[in-house]
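Have a look at the structure below before the remarks.
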Amino acid sequence: MFDMVNFKWDQKRALEVAKEDGFADGIAVGETRGERKATIKIALSLLKKDLPVGVITDSTNLSLEEIRKIAKDNGLAF
């Protein structure tokens, strides 16, 4: 149970916790972006090798629409 009488606000600690939470969130976002970038790079490499689209979608878990966009953005015929 929360005791309002004995509660002491520790602003310094609150800021530390907020900073830690923000840092952890930033790491998670960065990892997600990095994984996405790597997946796109792999898809592009597979497209350049003229592998079947089904193989590329299965290998990367990207949708057909995403594969089309990657091809278009990189000047590849699809």
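Extension gain for the segment Phe78 to Asp58, taken as residue separation times 0.36 nm less the Cα-Cα distance, is 5.5 nm to one decimal.
Reported value for segment 11-73: 85 Å³ per residue, from the convex hull of its C-alpha atoms. Sorting Glu31, Glu66 by the number of Cβ atoms found within 10 Å of their own Cβ, with the fewest placed first, yields Glu31, Glu66.
Just how large is the dipole of segment 11-73 about the Cα centre, in debye to the nearest 20, putting +1 at every Lys and Arg Cβ and -1 at every Asp and Glu Cβ?
Numbers: 12 positive and 11 negative charges, 53 e Å.
That gives a dipole near 260 debye.
Rule-based calculations on the coordinates, nothing more; no lab input. The model shown is predicted, which means the values in this text are computed figures rather than measured ones. Note that each Cβ is placed from the backbone with ideal geometry, even for glycine, and that neighbours are counted across all protein chains shown.
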